[in-house]
1. Loop only by DSSP, 16 or fewer other Cβ within 10 Å of the Cβ. Give me the chymotrypsin sites (Phe, Trp or Tyr not before Pro) in the chain that pass, ordered by residue number.
2. Step through the residues of segment 24-34 one at a time and calculate ³J(HN,Hα) from phi using the Karplus curve (6.51 cos²θ - 1.76 cosθ + 1.60, θ = phi - 60°), rounding each to whole Hz and writing x for Gly and Pro.
3. What trypsin sites (Lys or Arg not before Pro) in the chain are in a loop by DSSP, with at most 16 other Cβ atoms within 10 Å of the Cβ?
4. Sequence gap at least 6, Cα distance under 8 Å: using those rules, report the relative contact order of the chain to the nearest whole percent.
5. Relative to the present Cα-Cα distance, how much length would full extension add between residue 8 and residue 53 at 0.36 nm per residue of separation?
6. Carbon-plus-sulfur fraction of the accessible area of the chain, 1.4 Å probe, in percent?
7. For segment 2-8, what does the Karplus curve 6.51 cos²θ - 1.76 cosθ + 1.60, with θ = phi - 60°, yield as ³J(HN,Hα) per residue in whole Hz, taken in order and with x for Gly and Pro?
8. Rounded to a whole number, what is D in µm²/s for the chain from Stokes-Einstein with the Kirkwood radius over alpha-carbon pairs (37 °C, 0.692 mPa s)?
Amino acid sequence: MFRPSRERRGEDRFLAWKVRIFVAGAALALAGIGMSLSWLVWVGIGVLVVGLLLRFLPDGG
């Protein structure tokens, strides 16, 4: 069974950027769906992948 750790990990210095990138990527993808532009959907997905990759950057602390 999956049990997440309740241990504090400290501050995430990229949290604000992750939120901004998620909002931008989701907005682009939804706009692409609404306007039936597949390239805009792919751009939105690409932006979301960039936000996902921020998770793997070193902490720097």
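The values are calculated or read from the model by the stated rules, or taken from the named source; none is laboratory data. Bear in mind the structure is a predicted one, so any value in this text is a computation, not a measurement. All Cβ positions, glycine included, derive from the backbone under ideal geometry; neighbour counts span all protein chains shown. Protein only, heavy atoms only, side chains kept; ligands, DNA and RNA dropped before computing areas. Shrake-Rupley method; radii C 1.70, N 1.55, O 1.52, S 1.80 Å.
1. 2, 14
2. 5, x, 5, 5, 5, 5, 5, 5, x, 5, x
3. Loop-located and lightly packed - 6, 8, 9, 13.
4. 33
5. 14.0 nm
6. That fraction is 66 percent.
7. 7, 10, x, 6, 9, 6, 5
8. 249
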